Each structure stands twice: as C-alpha cells, then as structure tokens.
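To keep things clear, I will list the structure first and then write my remarks on it.
Rule-based calculations on the coordinates, nothing more; no lab input. The structure presented is a predicted model; accordingly, all values stated were derived computationally and were not measured. Cβ atoms come from the backbone with ideal geometry, glycine included; neighbour counts cover every protein chain shown.
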Amino acid sequence: MSAPTMEERKACWGARDEFWECLDKNSKDESKCQKLRLSFESRCPQQWVKYFDKRRDYLKYKKKLEMEGYVSPETTGKS
C-alpha cells in the first residue's frame with residue numbers, strides 16, 4: 001500500500017469530518033448517516049477508518065469523563 005497523496009488525505013479527512021458531524025447531529029438515529037459512512041469508508045484506507053472509529057470512541061469517552069468525572073465500579077455497583 002502506498003501512502004495517500006495530499007488530495008486523497010484531504011478527501012479522507014473531509015469525509016470523516018462530514019460523517020462525524022452527521023453522527024453528532026443524529027446521535028439518536030445513526031442510520032441517517034449511512035451514506036456518509038460509505039463515503040468515508042471509500043475515501044480512506046481501511047486502517048485509517050479503524051483508527052478514526054477508535055479515535056471517535058476515545059474522544060467521546062474523554063469528553064464524558066471531563067464533564068461527569070470518573071465513577072469507580074464500586075460506586076455504581078458494577079464490577
């Protein structure tokens with residue numbers, strides 16, 4: 001696999017940003033973002049898609065921690 005060109009990288013990042021924006025607006029119904037997901041997957045290398053998916057999950061978790069703080073499993077009754 002060769003490295004993506006600057007134009008390919010910009011297209012990938014743009015597709016990712018559009019998809020993430022759609023997810024933010026439609027958090028209750030992610031099916032509305034399916035076309036953008038397909039565009040994102042077609043414009044980015046597969047490894048990048050996996051990385052960006054994990055990155056989004058991490059950023060959402062980080063934001064939640066910053067807003068709510070850490071809750072230990074003992075406090076919530078979960079182990």
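The convex hull around the C-alpha trace of the chain, projected and averaged over every direction, spans 7.3 square nanometres. In this rough spin-label picture, where each label sits 7 Å from Cα along the Cβ direction, the Leu23-Arg9 distance is 2.2 nm. Remark: spin-label model distance Ser2-Gln46 equals 2.0 nm, labels positioned 7 Å along the Cα→Cβ axis.
Computed from the C-beta positions of Leu38 and Glu68, the FRET efficiency with R₀ = 22 Å rounds to 0.10. Entry for the stretch 25-64 at q = 0.30, 0.32, 0.33 Å⁻¹: log10 I(q)/I(0) = -1.02, -1.02, -1.02, Debye formula applied to identical alpha-carbon scatterers, no solvent contribution.
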